[in-house]
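Student: Take a look at this one; I'll ask things after.
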Amino acid sequence: MDALAAGFWGAFFGTAGLMLAISLAAYFRARRRVALLAGLSAVVSAVFVVAYIGWLPVDGRAEARLLAHVAILAAVVLAPLLLSLLGLLREHASVVRAAWIFGTVAAVVVVTGWFLEPAQSLVLSWVATFTIGIAMLVVAMRATTRGNRLARATVAGVSLMLLALAGLSWIALDRSIAWPVHAVSALAGMSFLSVMAFATWERFSYLLELSEVMAHGPSYDPVTRMRSHSETGQMVGDIFFHREAEERPVGVLAVCIGNLYALENLHGRAAFNHALFLCAGRLRRCVPQTVEMGRLGEDGFLLLTRSMEDLRGLDQLARDIRDRLTRPVNLSVSRAPGRVDARATGWVADVGIGLLSTTTKVRPAQAVGTVRAMARTAWTYASRIAFFDDKAGQIAELPAQATGPALRAA
């Protein structure tokens, strides 16, 4: 191996070593699931590379046997890790099923290989490994169509893994291969480890945050990662009591969830906190950046905007929020960090939305009180959206085909 190829592989082992060090740090900070996934990904990838670039003291027929075993064992270890990142191994039964399936595949390939010549055994192992990799790619692509937030990263990771595997297989067949093949294989391996580290952190940082908010409840700001109750009052003051003296339009929108307390009575405070956490996350993802958000009581949210574009589309924003928040969700009822991602009970938010287009000359308490009353009244409407009908002088259901901002309150 020339110096340039060795340099690329040195960079790969540096990446693997860094990932292993981070996993050890996570382990000592009681983040054992993060440590397991990251550590196994780094160690298995490093062992695979060491064997396939010829750095082990074996050659000939013995090396072919060894490479065959390393390939299939690496595949049956990394495949469940990828499934775990996609959230497909949440339940104990699914973990046991996956262990049996991949264990059986590995045993069949290894045992069959010993009845074949070493070169034939290596080919069989490669075929099985690529088949498992392609199957994982298909699973990840299907998860992408279902809206899994880590599916795209997993698709990228599996694609990079297959590219690295192809390059390393070529290197194993021809030790005198030119350095560009080594470079592409090493870069693909480094990218695979980076994607795995990113996906692992994204998934388990979500779970760790969720376990924290379910333990602390709505008084703990990370439940919604929004303004707390006191900060919402400050936000209202900043919007209505602005330095500018002239009257300016303000859009006010309240979201109240009517069945949170029933959920708490049935399944406990942990389920209440989980539902609030998910509703807040969905709300943040569908609201423009020009809209300010905060908590409104324990069961609602307050949105304010002075953007003319937002005011013109206030009714459509209310519909988008309603559609996003009323999607079914599976809630956990356990506060234990190891079980917060386990599916437990299905739930659909009973959302009421009130929207009001007013001005900075209206008293803030009046505007907030009015829009909150609208939201609670909207629970009785089929559309779940209410506005103040200036012509009728009362709260009314937003028409299904209404366009433009809600009528201004008196």
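The values are calculated or read from the model by the stated rules, or taken from the named source; none is laboratory data. As the structure is a prediction and not an experimental result, all values here were calculated from the model. Positions of Cβ are backbone-derived with ideal geometry, glycine not excepted, and every protein chain shown enters the neighbour counts. Each accessible area value is taken on the protein alone, full model and side chains, heavy atoms only, with ligands, DNA and RNA left out. Shrake-Rupley method; radii C 1.70, N 1.55, O 1.52, S 1.80 Å.
Student: State yes or no: is Pro80 open to solvent by 20 Å² or more (accessible area, probe 1.4 Å) and part of a loop (DSSP other than H, G, I, E, B)?
Tutor: no
Student: Next up: If you go through segment 3-11 one residue at a time, do you hit one that is out of contact with any Gly (no Cβ under 6 Å at 6 or more places or on another chain), within 21 Å of Val195 (Cα to Cα), surrounded by fewer than 19 Cβ atoms within 10 Å (Cβ to Cβ) and at pLDDT below 80?
Tutor: no
Student: All but one of (1) over 19 Å from Phe8 (Cβ atoms); (2) part of a helix (DSSP H, G or I); (3) of a type outside the set (Asp, Glu); (4) free of Cβ contacts under 8 Å to residues at least 40 places away in the same chain hold for Gly147; which doesn't?
Tutor: The number of the failed condition is (2).
Student: Do we have Leu66 as among the aliphatic types (A, V, I, L, M), touching a helix residue (DSSP H, G or I) at 6+ places or on another chain (Cβ under 7 Å), open to solvent by 20 Å² or more (accessible area, probe 1.4 Å) and modelled with pLDDT of 90 or more here? Even if it seems obvious, please write down each step before you answer.
Tutor: On the way: among the aliphatic types (A, V, I, L, M): yes; touching a helix residue (DSSP H, G or I) at 6+ places or on another chain (Cβ under 7 Å): yes; open to solvent by 20 Å² or more (accessible area, probe 1.4 Å): yes; modelled with pLDDT of 90 or more: yes.
Criteria met by Leu66.
Residues checked against (1) hydroxyl-bearing (Ser, Thr, Tyr); (2) at pLDDT below 85:
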position: Arg269; (1), (2): no, yes
position: Ala275; (1), (2): no, no
position: Leu283; (1), (2): no, no
position: Glu292; (1), (2): no, no
position: Asn330; (1), (2): no, yes
position: Thr345; (1), (2): yes, yes
position: Val362; (1), (2): no, yes
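Residues checked against (1) open to solvent by 30 Å² or more (accessible area, probe 1.4 Å); (2) closer than 21 Å to Gly354 by Cβ; (3) assigned to a loop (DSSP other than H, G, I, E, B); (4) at pLDDT 85 or above:
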site: Ala245; (1), (2), (3), (4): yes, no, yes, no
site: Val255; (1), (2), (3), (4): no, yes, no, yes
site: Tyr261; (1), (2), (3), (4): yes, yes, no, yes
site: Phe272; (1), (2), (3), (4): no, no, no, yes
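Student: Now for a different question. Could you give every pair whose Cβ atoms fall below 8 Å, whose first residue belongs to segment 375-393 and is surrounded by 24 or more Cβ atoms within 10 Å (Cβ to Cβ), and whose second residue is modelled with pLDDT under 75 and outside any helix (DSSP H, G or I), counting only separations of at least 6 or pairs across chains?
Tutor: These pairs meet every condition: Phe387/Ala406; Phe387/Leu407.
Student: So, Ile177, is that one touching a residue at least 60 places away in the same chain (Cβ under 8 Å), of a type in the set (Val, Ile, Thr) and farther than 21 Å from Ile101 by Cα or not? Break it down into steps so the answer makes sense when it comes.
Tutor: Details: touching a residue at least 60 places away in the same chain (Cβ under 8 Å): no; of a type in the set (Val, Ile, Thr): yes; farther than 21 Å from Ile101 by Cα: yes.
Spelling it out, it is not the case that Ile177 is touching a residue at least 60 places away in the same chain (Cβ under 8 Å), of a type in the set (Val, Ile, Thr) and farther than 21 Å from Ile101 by Cα.
Student: To continue, here is another question. Six or more apart or on different chains, Cβ under 6 Å: which pairs go from a residue in segment 304-331 that's under 20 Å from Leu278 (Cβ atoms) and among the charged types (D, E, K, R) to one that's open to solvent by 10 Å² or more (accessible area, probe 1.4 Å) and modelled with pLDDT of 90 or more? Could you list them?
Tutor: Once the first residue is under 20 Å from Leu278 (Cβ atoms) and among the charged types (D, E, K, R) and sits in segment 304-331, its partners that are open to solvent by 10 Å² or more (accessible area, probe 1.4 Å) and modelled with pLDDT of 90 or more give Arg322/Arg384.
Student: A follow-up question, please. State yes or no: is Pro405 at pLDDT 75 or above, open to solvent by less than 70 Å² (accessible area, probe 1.4 Å) and farther than 19 Å from Leu260 by Cβ?
Tutor: Details: at pLDDT 75 or above: no; open to solvent by less than 70 Å² (accessible area, probe 1.4 Å): yes; farther than 19 Å from Leu260 by Cβ: yes.
Taking the combined requirement at face value, the residue does not satisfy it.
Student: Those residues that are outside any helix (DSSP H, G or I) and loosely packed, with under 13 Cβ neighbours inside 10 Å, I need them from segment 92-116; list them, please. Quick ask: steps written out before the conclusion?
Tutor: Narrowing segment 92-116 to residues outside any helix (DSSP H, G or I): 114-116.
Those that are outside any helix (DSSP H, G or I) and loosely packed, with under 13 Cβ neighbours inside 10 Å: Trp114, Phe115.
One line per residue, one yes/no per condition, for (1) modelled with pLDDT of 90 or more; (2) in contact with a Leu (Cβ under 6 Å, 6 or more places away or on another chain); (3) closer than 20 Å to Val105 by Cβ:
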site: Ala35; (1), (2), (3): no, no, no
site: Ala42; (1), (2), (3): no, yes, no
site: Gly54; (1), (2), (3): no, no, no
site: Asp59; (1), (2), (3): no, no, no
site: Val70; (1), (2), (3): yes, no, yes
site: Leu86; (1), (2), (3): no, no, yes
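Student: Is it the case that Ser176 is modelled with pLDDT under 90, open to solvent by 40 Å² or more (accessible area, probe 1.4 Å) and outside any helix (DSSP H, G or I)?
Tutor: Numbers: modelled with pLDDT under 90: yes; open to solvent by 40 Å² or more (accessible area, probe 1.4 Å): yes; outside any helix (DSSP H, G or I): yes.
Taking the combined requirement at face value, the residue satisfies it.
Conditions (1) on the phi > 0 side of the Ramachandran plot; (2) open to solvent by less than 50 Å² (accessible area, probe 1.4 Å); (3) at pLDDT 90 or above; (4) part of a strand (DSSP E or B), marked per residue:
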residue: Asp315; (1), (2), (3), (4): no, yes, no, no
residue: Ile321; (1), (2), (3), (4): no, yes, yes, no
residue: Arg324; (1), (2), (3), (4): no, no, yes, no
residue: Pro337; (1), (2), (3), (4): no, no, no, no
residue: Gly354; (1), (2), (3), (4): no, yes, yes, yes
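Student: Continuing with this model, one more query. Check segment 368-386 and report whether any residue there is modelled with pLDDT of 80 or more, farther than 26 Å from Pro328 by Cα and in contact with a Leu (Cβ under 8 Å, 6 or more places away or on another chain). Break it down stepwise before answering.
Tutor: Let us first name the residues in segment 368-386 that are modelled with pLDDT of 80 or more, namely 368-386.
Now restrict to residues that are farther than 26 Å from Pro328 by Cα: 368-370.
Subsequent filtering for residues that are in contact with a Leu (Cβ under 8 Å, 6 or more places away or on another chain) retains 368, 370.
Yes, segment 368-386 contains a residue that is modelled with pLDDT of 80 or more, farther than 26 Å from Pro328 by Cα and in contact with a Leu (Cβ under 8 Å, 6 or more places away or on another chain).
Student: Now for a separate question. Looking at segment 156-173 only, could you name the residues that are in contact with a Leu (Cβ under 8 Å, 6 or more places away or on another chain) and surrounded by 21 or more Cβ atoms within 10 Å (Cβ to Cβ)?
Tutor: Filtering segment 156-173 down to residues in contact with a Leu (Cβ under 8 Å, 6 or more places away or on another chain) leaves 157-159, 161-162, 172.
Answer for segment 156-173, where residues must be in contact with a Leu (Cβ under 8 Å, 6 or more places away or on another chain) and surrounded by 21 or more Cβ atoms within 10 Å (Cβ to Cβ): Gly157, Val158, Met161.
Student: Also, I was wondering about something else. State whether one or more residues within segment 52-61 are assigned to a helix (DSSP H, G or I) and surrounded by fewer than 15 Cβ atoms within 10 Å (Cβ to Cβ). I'd like the intermediate steps shown before the answer.
Tutor: Step one: filter segment 52-61 for residues assigned to a helix (DSSP H, G or I), giving 52, 60-61.
In the following step, the residues that additionally are surrounded by fewer than 15 Cβ atoms within 10 Å (Cβ to Cβ) were identified as 60-61.
So far as segment 52-61 goes, yes, one or more of its residues are assigned to a helix (DSSP H, G or I) and surrounded by fewer than 15 Cβ atoms within 10 Å (Cβ to Cβ).
Student: Restricting to segment 190-210, and then to whatever is open to solvent by 10 Å² or more (accessible area, probe 1.4 Å) and not hydrophobic (A, V, I, L, M, F, W, C), can you tell me which residue is nearest to Glu63 (Cα to Cα)?
Tutor: So the residue we want is Ser191.
Student: Scanning segment 179-189 for residues that are under 26 Å from the mean Cα position of the chain (by Cα) and open to solvent by less than 30 Å² (accessible area, probe 1.4 Å), which turns out nearest to Val47 (Cα to Cα)? So that I can check it myself, show each step before the final result.
Tutor: Narrowing segment 179-189 to residues under 26 Å from the mean Cα position of the chain (by Cα): 187-189.
Within this subset, residues satisfying the condition of being open to solvent by less than 30 Å² (accessible area, probe 1.4 Å) are 188-189.
Numbers: Ala188: 16, Gly189: 12 Å.
Restricting to residues being under 26 Å from the mean Cα position of the chain (by Cα) and open to solvent by less than 30 Å² (accessible area, probe 1.4 Å), the top hit is Gly189.
Student: Look at Thr232 and say whether it is part of a helix (DSSP H, G or I) and of a type in the set (Ser, Thr, Tyr). Spell out the reasoning first.
Tutor: Working: part of a helix (DSSP H, G or I): yes; of a type in the set (Ser, Thr, Tyr): yes.
For Thr232, the condition - part of a helix (DSSP H, G or I) and of a type in the set (Ser, Thr, Tyr) - is met.
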